[in-house]
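Enquirer: I am attaching a structure below and will ask some questions about it afterwards.
The values are calculated or read from the model by the stated rules, or taken from the named source; none is laboratory data. Keep in mind it's a predicted model, so treat the numbers as computed, not measured. No Cβ is skipped: glycine too gets one built from the backbone with ideal geometry, and neighbour counts run over all protein chains shown. Ligands, DNA and RNA are stripped out before the accessible areas are found, and what is left, the full protein with its side chains, is counted by its heavy atoms. Shrake-Rupley method; radii C 1.70, N 1.55, O 1.52, S 1.80 Å.
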Amino acid sequence: RMLIAAPASPSGAPQLFRIYRMTEPMRGIVTVYAQHVSYDLDGIPCRPFTANSAADAMVALGVACTEEHPFAFETDKDTEAKLNIDRPRSARSVLFGESGSILSTYKGDYEFDNYRVTLKKHRGGDHGYRIRYGVNLIDLEQERNCQDVYSGVFPYWYDEETGECVTLPEGALYVDGDVGYTRVKVMDFGSYFDEKPTADQLRSRCRKYIDDNEIGKVKVSIDLSFAYLKQYEEYKNAPHAQNVVLGDTVHVDFERLGISRSARIARTKYDVLRGEYIDLHVGTIRAKLDSTLVSTGAAVEAASSKANSASKDTAKLAQETQKNSDKISLVVGTDDDDEDYVMKVLSPDRSV
């Protein structure tokens, strides 16, 4: 339960990590597992509340917490939409839990700075950083996925108490252009309305859903890793060695696959003692990366599974740190489940 402070990037301020597990195997190396202090929010209950905008929601969350806490909640978003937390939940679940959370309602990127939680319009920036084959590109994989591509949506509203159902006279609404096949998604829009909607209201909400989620487009994603040249002395003044951080947009050029596009830094691993990135991964947000930036509003796993997830991540980091087990090694990386961190500390003399 004690706290460790360590940076998670070359330019970032030290972050607090709370120890939740320690092991002492026979080989004599103590392993300490710690997670970002924001996980404390999972143990802070929150009363039901409503809000009409992102700013109202972040303020209301702080007030609705039933226990004293050191956290501050803020946002730079002015998005207006109704949020209804209709039952007690943990503060962390309200932030980005299941459907109906602040994130799923207002979208955006979360940034955690110790006890300060900020919902941003967009985390990171575009500083023209380029990743090229033969320069700093290490590995790349491109994926095209049509699993979630639909030609249209058949919306409906249903009242379980009365059995009343509202549909559109025309049935389904379709995406612009020709998808190439017919695949219509039947979808309940009950969560978007407090009372029975008119056909026009249902049509408007369905059209917004189609436009916001681009359901008619094949999802193309890139997962790549690249060398962060700025941390090497011989490249510090090179034009392609700018500083980059989690959330920044970079530009990828790989002629062999015909790739020339932009993507965001979605995951990092940082060696605290050496002050160097161990690995940087770039990718458009997809199944295995979307929770890192938490910008799609998709549901994340319940907090009870966090320890198992963290253990898997630190097990991977252990393979890297074992190579230098004669030295104290401290590695911090982003957890694949969200914008938090997993830490591993190794010491041959059993000290931490």
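Enquirer: Which value, in Å², gives the accessible area per residue of region 97-189 when a 1.4 Å probe is used on the protein heavy atoms?
Expert: That works out to 57 Å² per residue.
Enquirer: So, one more: At 1.4 Å probe size, with the rest of the protein present, what percent of the exposed accessible area of region 125-218 is carbon and sulfur atoms?
Expert: Here carbon and sulfur together make up 43 percent of the probe-accessible area.
Enquirer: Multiply the residue separation of Val59 and Ala5 by 0.36 nm, subtract the distance between their alpha-carbon atoms, and state the gained length in nm to one decimal.
Expert: The span from Val59 to Ala5 would gain 16.7 nm if fully extended.
Enquirer: Show Val63, Val272, Val184, Val37 ordered by accessible area, largest first, where the area counts protein heavy atoms only and the probe is 1.4 Å.
Expert: If we order Val63, Val272, Val184, Val37 from most to least accessible, we get Val63, Val184, Val272, Val37.
Enquirer: Hey, if you drop one equal point scatterer on each alpha-carbon of region 74-202 and run the Debye formula without solvent, what base-10 log of I(q)/I(0) do you get at q = 0.09, 0.10, 0.17, 0.23 Å⁻¹?
Expert: -0.49, -0.59, -1.14, -1.26
Enquirer: In addition: Rounded to the nearest 10 Å², what accessible area does Tyr158 show when all protein chains are kept and the probe is 1.4 Å?
Expert: Tyr158 exposes around 100 Å² with every protein chain in place.
Enquirer: Report the local net charge at Arg203: Lys and Arg +1, Asp and Glu -1, summed over other residues whose C-beta lies under 13 Å from its C-beta.
Expert: 0
Enquirer: Another question, if that's okay. Through the Karplus equation 6.51 cos²θ - 1.76 cosθ + 1.60, θ set to phi - 60°, convert the phi angles of region 77-93 into ³J(HN,Hα) values in whole Hz; use x for Gly and Pro.
Expert: Each residue's phi maps through the Karplus curve to give 8, 10, 4, 10, 6, 7, 10, 10, 8, 8, 8, x, 8, 6, 4, 5, 5 Hz.
Enquirer: What is the spin-label model distance, in nm, from Asp42 to Glu141 if the labels are put 7 Å beyond Cα along the C-beta direction?
Expert: Label-label distance for Asp42 and Glu141, simple model: 2.7 nm.
Enquirer: Let me ask something else. Would you mind counting up the charge near Ala91? Only other residues with Cβ under 13 Å from its Cβ, with Lys and Arg at +1 and Asp and Glu at -1.
Expert: After counting each charged neighbour, the total is -1.
Enquirer: Same structure, new question: Under a Cβ-only charge scheme (Lys and Arg +1, Asp and Glu -1), can you give me the dipole magnitude of region 30-166 about the Cα centre, in debye to the nearest 20?
Expert: Values: 14 positive and 23 negative charges, 102 e Å.
Rounded to the nearest 20 debye, it is 480 debye.
Enquirer: Please list, by residue number, every one of the GluC sites (Glu not before Pro) in region 61-170 that is coil in DSSP and has at most 11 other beta-carbon atoms within 10 Å. Numbers along the way, then the final one.
Expert: Numbers: sites: Glu67, Glu68, Glu74, Glu80, Glu98, Glu111, Glu141, Glu143, Glu160, Glu161, Glu164, Glu170; in loops: Glu67, Glu68, Glu98, Glu160, Glu161, Glu164, Glu170.
Here the sparse-neighbourhood loop sites are Glu67, Glu68, Glu160, Glu161, Glu164, Glu170.
Enquirer: HN-Hα J couplings of region 208-213 from phi, Karplus 6.51/-1.76/1.60, θ = phi - 60°, integer Hz, Gly and Pro as x?
Expert: So the J values, rounded to whole Hz, are 5, 4, 4, 5, 5, 9.
Enquirer: Of Lys217/Lys269; Lys120/Lys185; Lys82/Lys269; Lys77/Lys185; Lys120/Lys269; Lys82/Lys185, which pairs sit farther than 29 Å apart, going by alpha carbon to alpha carbon? Can you show the working numbers first?
Expert: Details: Lys217/Lys269 32 Å; Lys120/Lys185 31 Å; Lys82/Lys269 37 Å; Lys77/Lys185 31 Å; Lys120/Lys269 22 Å; Lys82/Lys185 25 Å.
Beyond 29 Å between Cα atoms: Lys217/Lys269; Lys120/Lys185; Lys82/Lys269; Lys77/Lys185.
Enquirer: Right, next: Working from the pairwise distances between different alpha carbons, so that the mean of 1/r is found and then inverted, what is region 5-95's Kirkwood radius in Å?
Expert: One over the average 1/r among Cα pairs gives 15.5 Å for region 5-95.
Enquirer: Taking a 1.4 Å probe, which of Asp78, Asp159 shows the most accessible area, and what order do the others take after it?
Expert: The ranking, largest first, comes out as Asp78, Asp159.
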